[in-house]
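We did not get these values from a lab; they are worked out from the coordinates using the rules stated. All values reported here derive from a predicted model rather than from experimental measurement. No Cβ is skipped: glycine too gets one built from the backbone with ideal geometry, and neighbour counts run over all protein chains shown.
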Amino acid sequence: MISVREETKEILLKIYKEKGICLEGNILKVIKSEGDDEFSKYLVICSDKDKETRRKRLDITKKVQDQNKELQKAKEEIERINEELKESLNETQKAKESIENDLDVLQKKTQYELINTIVRIALFVIMGVGITTTILYIISIFTGKDTQIIGSTWSNMFGILLTNAFSIVGTIMGVKYANKDEK
């Protein structure tokens, strides 16, 4: 145990009375009062205040630790949710790409069906006009009518029909190859 001189006791008591400041910590365990009742009360008060201060600090430390645990749990939950969001975003991106591919296939299928219809109708018109003109020309030949006008008309008609047929086929082929993806 440590003995404290009278002057030091008086200074410590004066500081306590004037400013309310006490000794703290483990030093209180080793100081002895040596029969001085006022200094003994002072040490008891200091010891009680020290215990109260330590208890408050401990409570604060426990609260901070609890808050840290809660924050850690919240952080882990946020990380889990972020991971789920990333996975969901990836799945959504894959679904979007799949839908875009399906839409592209559907558009191309529709385009090819439209092209087939146009070609079929154009060929029927060309064949119909050609057959009709040919039948009229043949009838004119067998009936003995003048075939010079019909012959030149028939020749011009076939030239125009063939030109239009090649133009349609060329346009369709151009559209077909213009829409082709280069991969």
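Mind scanning Lys17/Lys41; Lys17/Lys49; Lys49/Lys69 and naming the pairs with a C-alpha gap bigger than 19 Å?
Lys49/Lys69
Mean projection of the alpha-carbon convex hull of segment 1-99 over all orientations, in nm²?
For segment 1-99, averaging the hull's shadow over all directions gives 9.8 nm².
Could you list the residues of segment 42-57 with an amide nitrogen less than 19 Å from a label point located 7 Å from the Cα of Met1 in the Cα-to-C-beta direction?
Correct set: 42-48.
For every other residue with a beta carbon closer than 13 angstrom to the beta carbon of Arg54, add +1 if it is Lys or Arg and -1 if Asp or Glu, then tell me the sum.
Net of charged neighbours comes to +2.
If each of Glu79 and Glu100 carries a label point 7 Å out from its Cα toward its Cβ, how far apart are those two points in nm?
3.3
Could you pull the Rg and Dmax for the chain, using just the Cα atoms, both in Å?
Taking only Cα atoms of the chain, I get Rg and Dmax of 53.1, 160 Å.
Under 10 Å, Cα contacts only: if you run a Gaussian network model on the chain, which one of Gln72, Gln148, Gln111 comes out with the highest mean-square fluctuation?
Checking each option, the largest mean-square fluctuation is seen for Gln148.
Which is farthest toward the positive dipole end of the chain among Gln107, Ile15, Ile81, measuring Cα position about the Cα centre, with Cβ charges +1 (Lys, Arg) and -1 (Asp, Glu)?
It is Gln107.
Among all the aspartates and glutamates, which ones have a C-alpha under 17 Å from Lys94's C-alpha, if same-chain residues fewer than 8 places away are not counted?
Here the aspartates and glutamates satisfying the reach criterion relative to Lys94 are Glu83, Glu84, Asp102, Asp104.
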